[in-house]
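Visitor: The structure's right below; bear with me while I get my questions together.
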Amino acid sequence: MALLEVHQIEKHFGATQVLKDVSFELEQGQALAIIGSSGSGKTTLLRCLNFLETPDQGTIKVAGETLFDAEIPAARSEAAIRKKRLHFGLVFQSFNLFPQYTALENVTLAGKLLAKERADYKAGKKQILAEIEAQGRELLAQMGLSDREKHYPHQLSGGQQQRVAIARALALRPDILCFDEPTSALDPELTGEVLRVIRALADQRTTMVIVTHEMAFARDVADQVIFMDGGLIVEQGPARAVIEHPREDRTRQFLSRYAKN
Amino acid sequence: MFFASAEFQTVFAALNTGFVRTLKLFFITLAGAIPLGLVISFGSMSRFPPLRWLTRLVIWAVRGTPLVLQIIALYYVPPLMKLFSWGSGESGRFTAVAVAFVLNYACYFSEIYRGGIQGVPAGQQEAGLVLGMTRRQIFFQVTLLQMIKRIVPPMSNEIITLVKDTSLARVIALQEIIWMGESFLKGNQGYAGLVWPLFFTAVYYLAFSGLTTILLNRLEKKLEFFR
């Protein structure tokens, strides 16, 4: 059984339909790249997975559990959604780090707040918080940022900020980590360091959904690729096959623009 | 030496008494309007349209009419309509004035807060949501400090205006510092026709707004640790 099952998602913004009958599956430990031009609906799809947008139709299942079903309005309440969204982590294009917290605090804040809901929080507060801190340090080390723990976001480069954001998303141990054009706000120089980190996560079999414009990266790192256009999935399949030998004209057209560069 | 003269001592004591009332009104207004403004700003941003419209209507009415008119209305109308009375004498007048000031300033503050909150990028809220935070946690842990940083300069303006606006309380005979200064022109404690006490009140205002400016600048500096 696939870890993530997305079935017939539809989404409108007013009269504009931005997602049309979007269905796909993703196996545990695989990386899925979503490619397509701006306005093709890829970011909206990612935002639907993270409950930042509510689909008008369709279902989202993780490990067999239905997290979203458009037919069941009760499941849309905020309290119901809050815990479900923890199955997903999201890394934003513009990082969205909390500016008033240090790198380490950014990574540990949500974990510390969630820990308060644990039954054993009062009894084991010190130990729980120490564990969260230790885990946060470990994640920053994994991102190559051990020497930046106490830095505030504005003291970090874009690439460093995005790596902190990745550590922050990993801290809650999501089943599926999503990336929304993680390098689009970065200089080419800084893009590499972020892509290296994502590649390392792929090597560790982290289940990921990556919206990206980096075709070579998608081809080399992702297992599956989805090409979207006009809110539709035009083509999906193994990454190398879709990017090197696309079957659809529309995909070929899109990819040829990258080949020229 | 003039500052040792009986005239100066008498005037000085009277002005001090008036200024204490001014300060009392100032601090009570801040203590009431700072939190009330936050409640009003939430109302004006509510996702429930009727509440949003009602709040914005109130803000419009309060900001659209002179404070002096609000003080007079609040002081005289309830007793005239036999709703309730503010109580007699100085304390009754003070209560009415304080209520008018808190309401008036809360409306101004609420708009500053709204600007501050809406100025925090939507991505901050989204980052919090994705991390499983509740809306309350996002407001207090993420938005609030960023909002405070944004609103310090416009709040400084309002706070300094407030120090001076307290003089409007004299319209219902609250004996704040300007009233006291003027009293020596009209006749008070055997002195009449003195012009200088009225002008001397400026020293109090200048000293106080100077101090306020220093404190708010310090707060602004303190919040420079992030951007």
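Visitor: On average, how many beta carbons from a partner chain sit within 10 Å of the beta carbon of a residue in B:193-205?
Guide: Whole-number average of other-chain Cβ neighbours for B:193-205 is 0.
Visitor: Could you compute the longest span of chain A free of GluC sites (Glu not before Pro) located in DSSP loops and having at most 10 other Cβ atoms within 10 Å, not counting the site residues?
Guide: Longest stretch, sites excluded: A:118-261.
Visitor: Summarise the partner chain shielding of A:93-106 as one whole number: the mean count of Cβ atoms from other chains within 10 Å of each residue's Cβ.
Guide: Per residue, the number of nearby Cβ atoms from other chains is 4 on average.
Visitor: Roughly what angle does helix B:196-222 make with the longest principal axis of chain B, taking Cα atoms, 0 to 90 degrees, to the nearest 10?
Guide: Around 20 degrees separate the two axes.
Visitor: B:Ala173 versus A:Glu65, label points 7 Å from Cα toward the beta carbon: distance in nm?
Guide: Each label point lies 7 Å from its Cα, and together they span 7.1 nm.
Visitor: Hey, got the dipole for chain B? About the Cα centre, +1 on K and R Cβ, -1 on D and E Cβ, debye to the nearest 20?
Guide: With only Lys, Arg, Asp and Glu charged at Cβ, the dipole is about 700 debye.
Visitor: For a quick size check, give me the Cα extents of the stretch B:134-227 along its three principal axes, largest first, whole Å.
Guide: Principal-axis extents of the Cα atoms in the stretch B:134-227, largest first: 64, 26, 16 Å.
Visitor: Amide H of A:His151: which non-local residues (sequence gap of 5 or more, or other chain) have their own amide H closer than 5 Å, using H built in the peptide plane?
Guide: Residues meeting the criterion, in which the H sits 1.01 Å from N, are A:Ala103, A:Leu104.
Visitor: Place a +1 charge on the Cβ of each Lys and Arg in the protein assembly as shown and a -1 charge on the Cβ of each Asp and Glu, then give the dipole magnitude about the Cα centre in debye, rounded to the nearest 20.
Guide: For this selection, approximately 1320 debye.
Visitor: Moving on to the next point. Each label point is 7 Å from the Cα along the Cα-to-Cβ direction; what then is the distance between the points at B:Arg52 and A:Ser146, in nm?
Guide: About 5.0 nm, to one decimal.
Visitor: Short version: ³J(HN,Hα) in whole Hz for each residue of the stretch A:147-153, in order, from phi by Karplus 6.51 cos²θ - 1.76 cosθ + 1.60 (θ = phi - 60°), x for Gly and Pro, what are they?
Guide: 7, 10, 3, 8, 7, 7, x
Visitor: Out of residues 5 or more away from B:Leu194 or on other chains, whose amide H comes under 5 Å of its own, with H placed 1.01 Å from N in the peptide plane?
Guide: Residues meeting the criterion, in which the H sits 1.01 Å from N, are B:Leu185.
Visitor: Please list, in chain and number order, the residues 5+ apart from A:Phe179 or on another chain whose amide H is under 5 Å from its amide H, with Hs placed from the backbone.
Guide: A:Val91, A:Val209, A:Ile210, A:Val211
Visitor: Under 8 Å for C-alpha pairs, at least 6 residues apart: give me the relative contact order for the stretch B:2-225, rounded to a whole percent.
Guide: Reported as a whole number, the value is 27 percent.
Visitor: Next question, about the same structure. Please give the length that would be gained between A:Gln204 and A:Ser157 if that part of the chain were fully extended, namely 0.36 nm times their separation in residues minus their C-alpha to C-alpha distance (nm, one decimal).
Guide: Residue separation times 0.36 nm, minus the Cα-Cα distance, leaves 14.4 nm.
Visitor: Helix-derived [θ] at 222 nm for the protein assembly as shown: sum -39500 (n - 2.57) over DSSP H runs of at least 4, divide by residue count, nearest 500?
Guide: One gets -18500 deg cm²/dmol as the mean residue ellipticity at 222 nm.
Visitor: Follow-up question, since we're still on this one. Taking every eigenvalue of the Cα gyration tensor of the stretch A:4-260, multiplying by 5 and rooting it, what semi-axes result, largest first, whole Å?
Guide: Equivalent ellipsoid semi-axes, largest first: 31, 24, 15 Å.
Visitor: Then there's this: Using only the alpha-carbon atoms of the stretch B:2-225, report the extent along each of the three principal axes, biggest first, to the nearest angstrom.
Guide: Projected onto its principal axes, the Cα set of the stretch B:2-225 covers 72, 49, 23 Å.
Visitor: Could I ask something else about it? Once the principal axes of the Cα atoms of the protein assembly as shown are found, what is the range along each, listed largest first in whole angstroms?
Guide: That gives 102, 55, 51 Å along the principal axes, largest extent first.
Visitor: Please enumerate, by chain and number, the lysines with C-alpha under 21 Å from the C-alpha of B:Lys221, excluding those fewer than 8 residues away in the same chain.
Guide: Hits, sequence-local ones excluded: A:Lys150, B:Lys149.
Visitor: Starting from the 7 Å offset along Cα-to-Cβ, what nm value, one decimal, do you get for the label separation of B:Leu215 and B:Arg63?
Guide: Label at B:Leu215, label at B:Arg63, 2.5 nm between them.
Visitor: Additional query: Within the stretch A:22-135, how many lysine pairs that are 8 or more places apart, or on different chains, have C-alpha atoms less than 27 Å apart?
Guide: 19
Visitor: For helix B:144-165, what angle does its Cα long axis make with the longest principal axis of chain B, in degrees from 0 to 90 and rounded to 10?
Guide: 20
Visitor: With the Cα gyration tensor of the stretch B:19-133 in hand, give its eigenvalues times 5 under a square root as the equivalent ellipsoid semi-axes, listed largest first in whole angstrom.
Guide: Values for the stretch B:19-133, descending: 34, 17, 11 Å.
Visitor: How many angstrom separate the Cα center of the stretch B:1-63 from the Cα center of the stretch B:117-145?
Guide: 30
Computed from the coordinates by the stated procedures, all read-outs in this text should not be read as laboratory data. Here the structure is a predicted model, which means the values were calculated and not measured. Positions of Cβ are backbone-derived with ideal geometry, glycine not excepted, and every protein chain shown enters the neighbour counts.
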